[in-house]
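*Asks:* Could you have a look at this structure, given as structure tokens, before my questions?
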Amino acid sequence: MTPGKDPNPNTARVNAARGGEQRSSTVELRNLVKRFGRDVVAVNDVDLHIDRGELVTLLGPSGCGKTTILRMIAGLERPSEGTIHLDEDDVTRLPAYLRDVTMVFQSYALFPHMSVFENVAYGLRVARRPKDEIAARVAEALDMVGLGHLGERATTALSGGQQQRVALARALVIHPRVLLFDEPLSNLDAKLRKRVRDDIRELQQRLGITAVYVTHDQEEAFSISDRVAIMHQGRIMQLDTPEVLYQRPANAFVARFVGFENLISMKVIARDGGNVTAQAPGGVALALPKARFGDIPDDFVLAARADGLAVTADPDAKGLPATLGLRTYLGRAYQYQCETEAGPLIANGPLSSPLEPGSTARLVPVPDQCCVLGVE
């Protein structure tokens, strides 16, 4: 073998492609499974299609499998079962460096002994691109992220937000088919996190590049994504737009994850066209408008946010009887821990009429802050 020559015949094809314009691919995961040992199933039969130019976020608690999926797309982990496709190309067995996929890491992963320019240029130098092309593409990438004037600066002299922008420029400069983000904002303070988040979204949309984003932060996921996949125990519980997820969760896990603190088991006792009357634990009958909830099954769960149960001292209000516990000031409302026949609930009351802990009240459903779930 000739010294310095890559023995893989696909390398030339990949390097040639990397010299072209910014490209973007669809991503498709088919029956993807990842096991660690015999007992740990990190990813359990996941199917996922991501359109070209779409940003999809994998959202869920630690250990749900979201980062493992990202690493399998990148080629850093090999699936136990299933396949990964970029457009029509099955890349399941391709090594990471042949996939045209780049990742922006949580830790930035910059070379501290290199300048900003050299960090961004690294991938192009490995791909043996011409010097003039490297200079032009690095300048373009740094301009994209607003760091064109800092090419010669040491990365150790940059702020956290600037370092993350360097990592983003380094990922973009090789013109990847898919851009992956592994909790890229976790090390930034809240104000900077929002600014860099907005920069990432604006740049992704402007370039039309396909992106897969991993985070455990719901606000971050909803603000940046075209669609969000909420994960639990290695499975996708629901894949939808942020608006649908927030208003119409598919099951109890998703409902709790997106902020429906209260789950109340109910049974329909009457239907009269425009409204459904349902009975809550303790025998209280509540009217629910079909215009808001659609078809309601005979047995269902009413999911309500704290704002979805209004606290009132009016004994004649059509709501759940409650004994008020701990009262917390939220700035816009008082929040109460409540004991009811349906179990402990969390509800909000107005600032203008605070009620004392230990007093009795009624919790009145606010339809716009509630949803109906099937019984699991």
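*Asks:* Restricting to the stretch 225-253, name every residue that is buried (at least 22 other Cβ atoms within 10 Å of the Cβ) and assigned to a helix (DSSP H, G or I).
*Replies:* Of everything in the stretch 225-253, just one residue is buried (at least 22 other Cβ atoms within 10 Å of the Cβ) and assigned to a helix (DSSP H, G or I), namely L245.
*Asks:* Could you tell me which of the residues T210, T215 is modelled with pLDDT of 90 or more, buried (at least 19 other Cβ atoms within 10 Å of the Cβ) and either outside the structural domain of Y108 (by TED's automatic domain parsing) or farther than 20 Å from A255 by Cα (or both)?
*Replies:* The match here is T210.
*Asks:* When the residues of the stretch 97-109 are filtered to those that are of a type outside the set (A, V, I, L, M) and not in a loop (DSSP other than H, G, I, E, B), which remaining residue is surrounded by the fewest Cβ atoms within 10 Å (Cβ to Cβ)?
*Replies:* Y97
*Asks:* Turning to a different aspect of this structure: For a quick check of your reading of the model, give me the residue pairs whose first member lies in the stretch 201-217 and is touching a residue at least 12 places away in the same chain (Cβ under 8 Å), whose second is of a type in the set (G, A, S) and surrounded by fewer than 16 Cβ atoms within 10 Å (Cβ to Cβ), with beta-carbon atoms closer than 7 Å and at least 6 apart or on different chains.
*Replies:* As it stands, the answer is H216/S62, since those pairs meet every condition given.
*Asks:* Let me ask you something else. For G37, indicate whether it is assigned by TED's automatic domain parsing to the domain that holds V214, touching a Lys or Arg at 6+ places or on another chain (Cβ under 9 Å) and either of a type outside the set (S, T, Y) or free of Cβ contacts under 8 Å to residues at least 24 places away in the same chain (or both).
*Replies:* Against the criterion (assigned by TED's automatic domain parsing to the domain that holds V214, touching a Lys or Arg at 6+ places or on another chain (Cβ under 9 Å) and either of a type outside the set (S, T, Y) or free of Cβ contacts under 8 Å to residues at least 24 places away in the same chain (or both)), G37 does not qualify.
*Asks:* Being in a loop (DSSP other than H, G, I, E, B) and either touching a Ser or Thr at 6+ places or on another chain (Cβ under 6 Å) or at pLDDT 55 or above (or both) is the filter here; which residues of the stretch 1-51 pass it? Can you show your working first?
*Replies:* Here is the first cut: in the stretch 1-51, the ones in a loop (DSSP other than H, G, I, E, B) are 1-9, 19-26, 37-39, 51.
Within the stretch 1-51, E21, Q22, R23, S24, S25, T26, G37, R38, D39, D51 meet the criteria.
*Asks:* Is there a residue in the stretch 110-123 that is at positive phi and either small (G, A, S) or assigned to a loop (DSSP other than H, G, I, E, B) (or both)?
*Replies:* no
*Asks:* Between A287, A333, A313, A280, which is outside the structural domain of H216 (by TED's automatic domain parsing), under 30 Å from G60 (Cα atoms) and either loosely packed, with under 13 Cβ neighbours inside 10 Å or out of contact with any His (no Cβ under 9 Å at 6 or more places or on another chain) (or both)?
*Replies:* A333
*Asks:* Can you tell me how many residues in the stretch 189-207 are out of contact with any strand residue (DSSP E or B) (no Cβ under 8 Å at 6 or more places or on another chain) and crowded, with 19+ Cβ neighbours inside 10 Å?
*Replies:* The number of residues fulfilling the criteria is 4.
*Asks:* A follow-up question, please. Do we have G146 as outside any helix (DSSP H, G or I), surrounded by fewer than 20 Cβ atoms within 10 Å (Cβ to Cβ) and at pLDDT below 90 here?
*Replies:* Considered against the rule, which asks whether it is outside any helix (DSSP H, G or I), surrounded by fewer than 20 Cβ atoms within 10 Å (Cβ to Cβ) and at pLDDT below 90, G146 comes out as yes.
*Asks:* Right, next: Quick check on E152: is it free of Cβ contacts under 8 Å to residues at least 40 places away in the same chain, of a type in the set (D, E), in a loop (DSSP other than H, G, I, E, B) and farther than 28 Å from E28 by Cα?
*Replies:* yes
*Asks:* Return yes or no: is R93 under 24 Å from the mean Cα position of the chain (by Cα) and not in a helix (DSSP H, G or I)?
*Replies:* So R93 does not fit the description; no.
*Asks:* Also, I was wondering about something else. Taking interchain pairs and intrachain pairs at least six residues apart, which have beta carbon atoms under 9 angstrom, with the first residue in the stretch 348-376 and within 28 Å of A291 (Cα to Cα) and in the same structural domain as R332 (by TED's automatic domain parsing) and the second part of a helix (DSSP H, G or I) and among the acidic types (D, E)?
*Replies:* Qualifying pairs under 9 Å: N348/D307; V366/D307; D368/D307; Q369/D307.
*Asks:* If you don't mind, another one. Does R248 meet the test of being more than 27 Å from A171 (Cα to Cα) and touching a strand residue (DSSP E or B) at 6+ places or on another chain (Cβ under 7 Å)?
*Replies:* yes
*Asks:* Is there a residue in the stretch 176-186 that is surrounded by 17 or more Cβ atoms within 10 Å (Cβ to Cβ), out of contact with any strand residue (DSSP E or B) (no Cβ under 7 Å at 6 or more places or on another chain) and within 26 Å of E118 (Cβ to Cβ)? Working first, answer last.
*Replies:* First pass over the stretch 176-186, keeping only residues surrounded by 17 or more Cβ atoms within 10 Å (Cβ to Cβ): 176-185.
The next check asks that each one be out of contact with any strand residue (DSSP E or B) (no Cβ under 7 Å at 6 or more places or on another chain); those that pass are 185.
Add one more test, that the residue is within 26 Å of E118 (Cβ to Cβ), and what stays is 185.
Yes, the stretch 176-186 contains at least one residue that is surrounded by 17 or more Cβ atoms within 10 Å (Cβ to Cβ), out of contact with any strand residue (DSSP E or B) (no Cβ under 7 Å at 6 or more places or on another chain) and within 26 Å of E118 (Cβ to Cβ).
*Asks:* In this structure, is L363 closer than 17 Å to R305 by Cα, surrounded by fewer than 19 Cβ atoms within 10 Å (Cβ to Cβ), within 34 Å of the chain's Cα centre (by Cα) and of a type in the set (A, V, I, L, M)?
*Replies:* no
*Asks:* The conditions are (1) modelled with pLDDT under 90; (2) in contact with a helix residue (DSSP H, G or I) (Cβ under 8 Å, 6 or more places away or on another chain); (3) assigned to a helix (DSSP H, G or I), and K191 fails exactly one of them. Which is it?
*Replies:* (2)
*Asks:* Working only within the stretch 258-272, note down all residues that are out of contact with any Lys or Arg (no Cβ under 8 Å at 6 or more places or on another chain) and either buried (at least 18 other Cβ atoms within 10 Å of the Cβ) or not in a loop (DSSP other than H, G, I, E, B) (or both). Don't jump to the end; show me each part of the working.
*Replies:* Initial filter on the stretch 258-272 (out of contact with any Lys or Arg (no Cβ under 8 Å at 6 or more places or on another chain)): 258, 264-272.
Correct list: V258, I264, S265, M266, K267, V268, I269, A270, R271.
The values are calculated or read from the model by the stated rules, or taken from the named source; none is laboratory data. Just so we're clear, the structure is a prediction, and the values are computed from it rather than from any experiment. Using ideal geometry, Cβ is built from the backbone for each residue, glycine included, and neighbour counts are taken over all protein chains shown.
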